[in-house]
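Take a look at the structure set out below.
The values are calculated or read from the model by the stated rules, or taken from the named source; none is laboratory data. All figures in this text were calculated on a predicted structure; none of them were measured in a lab. With ideal geometry, Cβ positions are generated from the backbone for all residues, glycine too; neighbour counts draw on all protein chains shown.
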Amino acid sequence: MKNFVLDSSMIATIGGAFYPTGYSMVMFADAEDAKRVGRQLIEGGFSGDEVYLIPPNVLLSQITPTVVDADAPLPSAGTDGATVRAYTKLAREGHTALLVKTDDEDVAERMMIEVRKVPYSIAQRYRTLVIEDL
């Protein structure tokens, strides 16, 4: 499991909000649940280089600022800004996130089998032009 560092490939070209196409973001109220699910994913065949742990302070310092200008000069046509605001609200409440590479529906479902074993707050899959609830 890797520590998260925001890079330019995870930013929408229009608006500049966090939009990591090909990944799923899942948040947990309990940091230990997030860590446990991350370890289980890796033990189940996910690459350790494709599972990122995002503590609340990292989310707030790296992901939250991507929406500052996302709705300027016009409101976003998509939900990327609103989704980041939802993550921000949860991070302020102490929730921890996992960002997991999920290139296709089958991989996303494999991930969700592990995620559903514990309580989670939100799960979103980023596809080209679509943010999907999981």
Within the stretch 19-29, is there a residue that is at pLDDT below 95, within 13 Å of the chain's Cα centre (by Cα) and not β-branched (Val, Ile, Thr)?
yes
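Filter the stretch 7-51 down to residues that are of a type in the set (Val, Ile, Thr) and closer than 23 Å to Lys117 by Cβ and give me whichever is surrounded by the fewest Cβ atoms within 10 Å (Cβ to Cβ).
Ile42
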Verdict on Ala91 being modelled with pLDDT of 95 or more, under 14 Å from the mean Cα position of the chain (by Cα) and among the hydrophobic types (A, V, I, L, M, F, W, C):
yes
Here are Asp103, Asp49, Asp69: which of them is part of a loop (DSSP other than H, G, I, E, B), of a type in the set (D, E, K, R) and either under 16 Å from the mean Cα position of the chain (by Cα) or modelled with pLDDT of 95 or more (or both)?
Asp103
Checked against (1) over 23 Å from Gln62 (Cα atoms); (2) part of a strand (DSSP E or B); (3) among the hydrophobic types (A, V, I, L, M, F, W, C), Ala97 satisfies every condition except (1)
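Take the conditions surrounded by 13 or more Cβ atoms within 10 Å (Cβ to Cβ) and charged (D, E, K, R) and apply them to Lys117. Does it pass?
So Lys117 does not fit the description; no.
Among the residues of the stretch 72-84 satisfying the criterion of being under 23 Å from Ser121 (Cβ atoms) and surrounded by fewer than 19 Cβ atoms within 10 Å (Cβ to Cβ), which is modelled with the highest pLDDT? Steps first, please.
Initially, the stretch 72-84 is screened for residues under 23 Å from Ser121 (Cβ atoms), giving 76, 78-84.
Filter again for surrounded by fewer than 19 Cβ atoms within 10 Å (Cβ to Cβ), leaving 76, 78-79, 82.
Working: Ser76: 49, Gly78: 58, Thr79: 74, Ala82: 86.
If we take residues in the stretch 72-84 being under 23 Å from Ser121 (Cβ atoms) and surrounded by fewer than 19 Cβ atoms within 10 Å (Cβ to Cβ), then Ala82 is modelled with the highest pLDDT.
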Within the stretch 106-134, restricting to residues that are hydrophobic (A, V, I, L, M, F, W, C) and within 21 Å of Gln62 (Cα to Cα), the one that is nearest to the chain's Cα centre (by Cα) is Ala123
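Which of the following residues is touching a residue at least 60 places away in the same chain (Cβ under 8 Å) and part of a helix (DSSP H, G or I): Leu41, Leu6? It would help to see each step written out before you state the result.
Numbers: Leu6 fails: part of a helix (DSSP H, G or I).
Exactly one of Leu41, Leu6 is touching a residue at least 60 places away in the same chain (Cβ under 8 Å) and part of a helix (DSSP H, G or I), namely Leu41.
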